[in-house]
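Asker: Sharing a structure here in structure tokens format.
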Amino acid sequence: MCAVSYFSSRIKFIKKLMTSCCLDAVMFSDMNNIRYLTGFTGSEATLMVGLKDCVLLVDGRYTLQAAYEAQHVSVFEYENKFAGIRQALKKLGARKTGFEAVVMSVAMHQNLLREVEKTEFIPLTDELKFLRAKKDKYEISSMKKAAAIASGALAVIVDEIRPGWTEIETALRLEREARRRGAEQIAFETIVASGKNSALPHARPSGRKIEKGDFVVIDFGVKYQGYCSDETCTLAFGELTAAQKNAYRATLRAHDEAIAYIREGVTAASVDRLVREMLGKKYSCRFVHSTGHGVGLEVHEAPRLALQSPDILSAGMVVTVEPGVYYPGKWGIRIEDTILVKKNGCEILTKLDKKLTVIK
């Protein structure tokens, strides 16, 4: 369980936001935000943060769990969610309440307006965008452990994998090894893509057998204490063509140069631009997605490393760098590491060596 001091500082940030936005309360329904602010790990709840108190609303399934995990907030068990919200807002004396605009459904919003009187609901968007972007020591420790588990499992599979394995078999062996090493769960659906499937950035493992001459893209991550890792390696089987070797070298160079460039104050857009410049005209047109994204309680969080991103990197942010080159119907390459942004540079959290590995 995270130390109470971390939760207190996170709640303090919300209270400062309330003061600056002239709000009496902020309502959270995103379970990742609720976990971040309280430590509660259940699947359903509503958190009301007021200037003097915080109320975590749960149904009867989670009353005991919430009392144990979220000891620094008041826990209220409800039978009817909207009645519970109404009572909590009354207790907090809230007339102006902010809410997560990107999370709340239209139906939920309409029900609130109908069921909860004498309260104005204010949508919050940019105000909450970077709520979880900068990681504290506890979060970084958890993410380093997640990365170590995943990288260790990947290293085992890299040593064992041989032509003839299917994509599904490879994914299952990888996930089993990660579980054996202490992973709570898989962070996202494992990608194992061989041959022409490797040209699909979000390919799903199939029954295709790995063959000599293939590139095999493995994109994998786990969760530890709720926090994600994210790492991609591309393996080569048998002899490669000159075109494949050249594309891998270009992708690795773009990956390495971007990581060397990242530090506090760098714009996310400039990282993406650098990657495309390093890939050059020959390969940048084959790079069909953004350079990276934030990682934390979710595998995709703020900031976003893309050409149109307005985000600026700060020390404590954890982001991926994942350039790729894809030739539809033929083969693809992606090389990804997760890094911690620091004042004068960065630290690579994922540990698998990204030099070209050729398996005979």
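Rule-based calculations on the coordinates, nothing more; no lab input. Given the structure is predicted, the values throughout are model-derived calculations rather than measurements. Glycine gets a Cβ as well: all are built from the backbone with ideal geometry, and neighbour counts include every protein chain shown.
Asker: Build a GNM of the chain with springs between Cα atoms under 10 Å: which of 50, 207, 39 gets the top mean-square fluctuation?
Answerer: Comparing 50, 207, 39 in the GNM, the peak value goes to 207.
Asker: Ok, one more. Quickly estimate the mean residue ellipticity at 222 nm for the chain, helices only: each DSSP H run with n ≥ 4 gives -39500 (n - 2.57), and the total goes over all residues, rounded to 500.
Answerer: Taken over the chain, the calculation gives -12000 deg cm²/dmol.
Asker: Additional query: Please give me, ordered by residue number, the GluC sites (Glu not before Pro) of segment 209-279 that lie in loop per DSSP and have at most 12 other Cβ atoms within 10 Å.
Answerer: In loop regions of segment 209-279 (DSSP not H, G, I, E or B), the sparsely surrounded GluC sites (Glu not before Pro) are 239.
Asker: While we're on this one: Cut-off is 10 Å between beta-carbons; in what order do 186, 335 appear when sorted fewest neighbours first? List each step's numbers first, then the result.
Answerer: Numbers: 186 18, 335 24.
If I rank by nearby Cβ atoms, fewest first, I get 186, 335.
Asker: While we're here: Can you tell me the dipole magnitude for the chain around its Cα centre, using point charges on the Cβ only (Lys, Arg +1; Asp, Glu -1), in Debye to the nearest 20? Walk me through the numbers on the way to the answer.
Answerer: Values: 52 positive and 43 negative charges, 118 e Å.
Dipole of the chain, to the nearest 20 debye: 560 debye.
Asker: Using the charge dipole of segment 4-129 (Lys, Arg: +1 at Cβ; Asp, Glu: -1 at Cβ; taken about the Cα centre), state which of 13, 42, 121 has its Cα farthest towards the positive end.
Answerer: My answer, from the dipole projection, is 13.
Asker: Also: On a straight-distance basis, which lysines could pair with residue 282 in a cross-link, Cα separation under 25 angstrom, same-chain partners fewer than 8 positions away excluded?
Answerer: Within reach: 196, 245, 330, 354, 355.
Asker: Shape of segment 267-360 from its Cα gyration tensor (a ≥ b ≥ c, root eigenvalues): rounded if a/c is under 1.5, otherwise prolate when a/b > b/c, or oblate?
Answerer: oblate
Asker: A follow-up question, please. Restricting to Cα pairs below 8 Å that are 6+ residues apart, what does the relative contact order work out to for segment 4-129? Please round to a whole percent.
Answerer: Details: 201 pairs, mean separation 30.3, N = 126.
Relative contact order, segment 4-129: 24 percent.
Asker: In addition: With an 8 Å cut-off on Cα pairs and a minimum separation of 6 or more residues, tell me the relative contact order of segment 49-112 in percent.
Answerer: Computed over segment 49-112, the figure is 31 percent.
Asker: To continue, here is another question. What is the sum of charges, Lys and Arg at +1 and Asp and Glu at -1, for the other residues whose Cβ falls under 10 Å from the Cβ of residue 59?
Answerer: My count for the surroundings of residue 59 gives -1.
Asker: If contacts are Cα pairs under 8 angstrom and at least 6 residues apart, what is the relative contact order of segment 184-265 in percent?
Answerer: Once divided by the residue count of segment 184-265, the mean separation gives 26 percent.
Asker: Okay, next question. Tell me the net charge near residue 35. Cut-off is 11 Å between Cβ atoms, residue 35 excluded, with +1 for each Lys or Arg and -1 for each Asp or Glu.
Answerer: So the environment of residue 35 carries a net charge of -1.
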